[in-house]
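Heads up: the structure comes next, in structure tokens.
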Amino acid sequence: MLDPLGIETAILNCLYAIDSLHNPEAAVAFASAVNDWQIAEWLDKELRLRGSIVVPAQLPELAAR
């Protein structure tokens, strides 16, 4: 998809409703898992892609990690 359009760099934006999880441990675990998945399945396979991260915004101290 990138080649026909001549795209040199693209940003992935993974929308996952981490903020809707009420269990703090689950929110942190899901955010980490989504970020790891994005790296393994997309970023490691295509150097032109950049990723945005998913964070548990309801837990700022953990989101910073």
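Throughout, read-outs are computed from the coordinates displayed, never taken from laboratory work. Everything numeric here is computed off the predicted structure, so don't read it as measured data. Reconstructed Cβ throughout: ideal geometry from the backbone, glycine too, with neighbour counts over all protein chains shown.
Before moving on, here are some points about what is shown:
- Complete set of residues in the range 1-20 that are of a type in the set (D, E, K, R) and more than 23 Å from V34 (Cα to Cα): D3, E8
- The range 16-41: number of residues that are in contact with a Pro (Cβ under 6 Å, 6 or more places away or on another chain) and under 13 Å from I53 (Cα atoms): 3
- Filtered residues of the range 29-42 (kept if free of Cβ contacts under 8 Å to residues at least 24 places away in the same chain and out of contact with any helix residue (DSSP H, G or I) (no Cβ under 8 Å at 6 or more places or on another chain)): A29, S32, A33, N35, D36, W37, I39, A40, E41
- Residues within the range 1-23 that are in contact (Cβ under 8 Å) with a residue 12 or more places away in the chain and out of contact with any helix residue (DSSP H, G or I) (no Cβ under 7 Å at 6 or more places or on another chain), tallied: 7
- Long-range neighbours under 9 Å by Cβ, at least six apart or interchain, first residue among the aliphatic types (A, V, I, L, M) within the range 43-65, second in a strand (DSSP E or B) and loosely packed, with under 10 Cβ neighbours inside 10 Å: L49/I11
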